[in-house]
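Accompanying notes for the structure given below.
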């Protein structure tokens with residue numbers, strides 16, 4: 001289904017262009033990170049890629065399959081995990097049930113996903129009573145259980161402490177190592193250095209720069225990216 | 001694993017099944033629906049009469065106790081099998097229009113004027129009801145009217161008209177139209193220190209008299225006859241004519257008459273079976289007028305009134 | 001004039017004595033009102049969920065109408081059901097007038113808009129929270145509504161209790177369609193009205209207090225169930 005092709009993507013709301021003229025092809029391979037300051041349009045671009053929003057200009061296309069079929073082969077984890085009001089295991093199984101999986105298969109995949117994210121012991125705990133870090137790991141388990149080919153992550157550690165952040169990053173690396181394409185937004189430079197294969201640097205609703213991670217951190221070409229890396233660009 | 005059930009609904013569904021049990025039980029034995037007035041129900045008359053009737057015939061009687069006007073409307077719509085009400089002109093109209101068959105005189109009592117024990121308008125010594133009302137109007141003492149177009153209200157308006165007083169013009173001042181049943185009107189009268197016209201049975205059984213007293217009774221104009229009418233099956237085929245007739249026959253027969261005559265509230269007899277022989281009744285009417293000027297605590301004074 | 005103290009003593013005496021007529025009336029009140037609430041919830045909860053999730057032309061108008069119907073006067077509903085169920089009415093052949101079934105129908109009509117509106121309000125908030133996640137997981141509209149109904153169960157229980165409060169306390173509708181027939185359609189509220197009209201104010205107040213105790217028991221039971229179910 002990859003590469004994911006974005007052609008002339010624009011998104012206009014409230015009389016403002018929140019995104020404009022985004023052309024991107026996201027191919028299989030190491031994680032792609034959308035980097036940029038708050039308000040740059042990272043989350044918006046992720047939602048457009050995932051199909052939660054429809055662009056007001058341009059088109060999002062998967063290669064070889066239509067959007068409907070592609071939907072079933074991708075997953076997303078949000079900045080604030082959305083926990084259903086049921087047990088941790090039931091949160092994972094819920095997504096599998098929507099996909100029409102049989103009960104035994106749901107149970108097996110749920111147990112596996114909880115084990116992978118270190119939540120096996122908490123399977124029966126109400127999801128809403130888990131800590132922030134545990135909730136985000138549960139959200140990852142729920143996404144991973146779906147066996148996606150592409151996993152979108154929207155600032156998954158933005159509200160976590162360093163220890164929880166480390167756990168989430170370890171899980172993301174594991175998922176990436178299993179061959180899943182990671183597309184993730186962050187404003188955390190350290191995280192971008194730790195996880196990124198390539199960087200898409202967004203600034204004021206436009207793609208300012210796109211580069212392999214090593215090259216980007218060695219010397220960004222655009223002025224905004226340089227300012228951002230030096231901690232000067234706050235918008 | 002996700003819970004398959006919906007916990008909040010579960011107990012409700014269980015209770016639904018429980019709830020339907022009494023619904024299913026209804027209608028086990030034959031019954032008739034009797035539309036009647038609040039005075040007969042509230043005084044406890046039906047609680048006294050109906051078990052005797054049911055024991056004799058096996059027919060249960062379901063009483064809808066509303067005002068005479070509403071009872072007639074229910075019957076007109078076919079929602080009752082038989083009526084026991086107290087407004088002769090309306091009853092006659094009901095039969096004349098073909099909604100009812102067989103209007104039968106059942107029993108009677110009288111209306112009374114009640115008011116604060118101090119009797120500020122001085123109605124206790126009035127020679128007749130019309131004079132009593134004139135005194136209330138002259139003193140501008142509060143008067144609580146049913147104001148609901150019931151049988152009692154209709155009689156009250158006739159009395160005002162006979163007294164030559166436009167009470168409706170004073171509505172909102174001393175004349176208060178409650179727009180409510182007899183009990184609610186009496187409750188209001190007690191609370192407002194107001195006079196009120198009540199049927200004797202409701203007054204006798206009324207538990208919230210406060211300092212109110214029966215101040216005037218005994219005028220033949222205050223006679224209150226009750227009639228029974230079987231609803232016409234030609235209008236409403238589902239009417240249980242045979243059962244309804246059995247009820248009216250019993251009510252006007254020796255057993256029903258004895259039961260009515262034997263009913264007591266606080267030691268007093270609130271209802272009197274209609275005299276079997278009208279000539280006999282007429283023969284005793286001479287005893288009535290002399291009592292009008294006295295405070296009456298008993299209906300006995302006008303026991304011979306019909307005729 | 002009776003005071004609250006006297007009424008409370010009388011209420012206690014009635015309860016201790018276990019007066020069979022009182023037990024019968026209480027049971028009938030509960031049966032009628034709980035049935036009405038159950039029926040109203042079975043229809044109102046899914047409708048509330050649909051109004052929260054599905055967008056269609058005129059949705060806002062429907063919502064305003066449902067919210068407005070929360071103000072339905074019980075006497076008006078009683079008359080409406082009477083007109084329908086009367087022997088002269090379109091459903092007269094069913095012979096439901098002056099039966100507990102007629103009372104259930106009237107109360108279900110009264111309670112329906114309340115549980116629908118409260119369900120809509122609660123599930124709308126939940127849907128805003130869940131929307132992206134459920135969409136991401138590929139949930140279809142017909143899968144979203146049941147999810148909201150399950151996850152909103154605590155709020156829905158509150159909605160059901162609000163509806164129950166309306167049903168168990170109203171007298172206008174059941175008096176008209178039930179007729180307050182002893183041993184057939186007499187319930188707590190119609191008994192209170194009857195005793196008031198007889199001037200037995202202390203007894204009427206005592207019955208009112210017993211009605212409150214029943215409501216307390218029902219609310220406590222539902223809230224206890226809700227605590228067991230919370231979050232799991």
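A few comments on the model shown:
- Residues within the range A:100-121 that are on the phi > 0 side of the Ramachandran plot and either touching a helix residue (DSSP H, G or I) at 6+ places or on another chain (Cβ under 8 Å) or away from chain C (no Cβ under 11 Å) (or both), tallied: 1
- Number of the condition not met by residue C:217 [criteria: (1) within 11 Å of another protein chain (Cβ to nearest Cβ); (2) without any contact (Cβ under 8 Å) to a residue 40 or more places away in the chain; (3) more than 30 Å from residue B:67 (Cβ to Cβ)]: (1)
- Looking across the range B:166-187 at every residue that is part of a helix (DSSP H, G or I) and surrounded by 17 or more Cβ atoms within 10 Å (Cβ to Cβ), the one that is nearest to the other protein chains (Cβ to nearest Cβ) is identified as B:183.
- The set of residues in the range A:69-99 that are under 14 Å from residue A:145 (Cβ atoms) and out of contact with any helix residue (DSSP H, G or I) (no Cβ under 8 Å at 6 or more places or on another chain) comprises A:72, A:73, A:99.
- Among (1) touching a strand residue (DSSP E or B) at 6+ places or on another chain (Cβ under 7 Å); (2) buried (at least 18 other Cβ atoms within 10 Å of the Cβ); (3) touching a residue at least 24 places away in the same chain (Cβ under 8 Å), the one test that residue B:150 misses: (1)
- Hits in the range B:234-246 - residues which are farther than 24 Å from residue B:201 by Cβ and in contact (Cβ under 8 Å) with a residue 24 or more places away in the chain: B:234, B:235, B:236, B:238, B:239, B:240, B:241, B:243, B:245, B:246
- Enumeration of residues in the range C:1-50 that are buried (at least 23 other Cβ atoms within 10 Å of the Cβ) and closer than 30 Å to residue C:126 by Cβ: C:33, C:34, C:35, C:36, C:37, C:38, C:40, C:41, C:44, C:45, C:48, C:49
- Among the residues of the range A:184-210, those identified as more than 15 Å from residue A:41 (Cβ to Cβ) and surrounded by fewer than 19 Cβ atoms within 10 Å (Cβ to Cβ) are A:188, A:189, A:190, A:193, A:194, A:197, A:198.
- Odd one out for residue C:183 among (1) at pLDDT 95 or above; (2) at positive phi: (1)
- Among the helices (runs of 4 or more DSSP H) confined to the range A:35-142, the ones with at least 2 residues that are closer than 26 Å to residue A:191 by Cβ are located at A:42-50, A:88-98, A:103-116.
- Single residue of the range B:188-197 satisfying the filter (buried (at least 24 other Cβ atoms within 10 Å of the Cβ) and closer than 14 Å to residue B:116 by Cβ) that is nearest to the other protein chains (Cβ to nearest Cβ): B:189
- Matching residues, the range C:173-195, being farther than 15 Å from residue C:21 by Cβ and within 8 Å of chain B (Cβ to nearest Cβ): C:179
- 2 or more residues surrounded by fewer than 20 Cβ atoms within 10 Å (Cβ to Cβ): qualifying helices (runs of 4 or more DSSP H) within the range C:110-189: C:141-151, C:153-169
- The criterion of being within 12 Å of another protein chain (Cβ to nearest Cβ) and within 14 Å of the chain's Cα centre (by Cα) holds for residue C:108.
Quick grid of which residues meet (1) under 26 Å from residue A:77 (Cα atoms); (2) modelled with pLDDT under 85:
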{"position": "A:189", "(1), (2)": "yes, no"}
{"position": "A:194", "(1), (2)": "yes, no"}
{"position": "A:208", "(1), (2)": "yes, no"}
{"position": "A:218", "(1), (2)": "no, no"}
{"position": "A:226", "(1), (2)": "no, no"}
{"position": "A:235", "(1), (2)": "yes, yes"}
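- Among the criteria (1) away from chain C (no Cβ under 14 Å); (2) closer than 23 Å to residue B:66 by Cα; (3) in contact with a helix residue (DSSP H, G or I) (Cβ under 8 Å, 6 or more places away or on another chain), the one residue B:163 does not fulfil is (2).
- Selection from the range A:122-141 of residues that are in contact (Cβ under 8 Å) with a residue 60 or more places away in the chain and at the interface with another protein chain (Cβ under 10 Å from one of its Cβ atoms): A:139
- Any chance residue A:63 is touching a residue at least 24 places away in the same chain (Cβ under 8 Å) and either more than 14 Å from chain C (Cβ to nearest Cβ) or over 17 Å from the mean Cα position of the chain (by Cα) (or both): yes
- Among the candidates C:36, C:52, residue that is under 26 Å from residue C:210 (Cα atoms) and either more than 12 Å from chain B (Cβ to nearest Cβ) or assigned to a helix (DSSP H, G or I) (or both): C:36
- Hey, residue C:153 in contact with a helix residue (DSSP H, G or I) (Cβ under 9 Å, 6 or more places away or on another chain), farther than 30 Å from residue B:204 by Cα and at the interface with chain B (Cβ under 9 Å from one of its Cβ atoms) or not: yes
- Residue pairs whose Cβ atoms lie under 9 Å apart, separated by 6 or more positions or on different chains, with the first residue in the range B:200-227 and within 9 Å of chain C (Cβ to nearest Cβ) and more than 21 Å from residue C:197 (Cα to Cα) and the second modelled with pLDDT under 95 and surrounded by 18 or more Cβ atoms within 10 Å (Cβ to Cβ), do not occur.
- Per-region count, the range C:116-130, residues within 10 Å of another protein chain (Cβ to nearest Cβ) and touching a residue at least 12 places away in the same chain (Cβ under 8 Å): 2
- The number of residues in the range A:1-34 that are in contact with a helix residue (DSSP H, G or I) (Cβ under 9 Å, 6 or more places away or on another chain), more than 14 Å from residue A:184 (Cβ to Cβ) and assigned to a loop (DSSP other than H, G, I, E, B) comes to 1.
- All positions within the range C:96-109 that are surrounded by fewer than 24 Cβ atoms within 10 Å (Cβ to Cβ), part of a loop (DSSP other than H, G, I, E, B) and in contact (Cβ under 8 Å) with a residue 12 or more places away in the chain: C:99
The values are calculated or read from the model by the stated rules, or taken from the named source; none is laboratory data. This structure is a prediction, so every number in the text was calculated from the model and none was measured. Ideal geometry is used to build each Cβ from the backbone, glycine not excepted, and the neighbour counts take in all protein chains shown.
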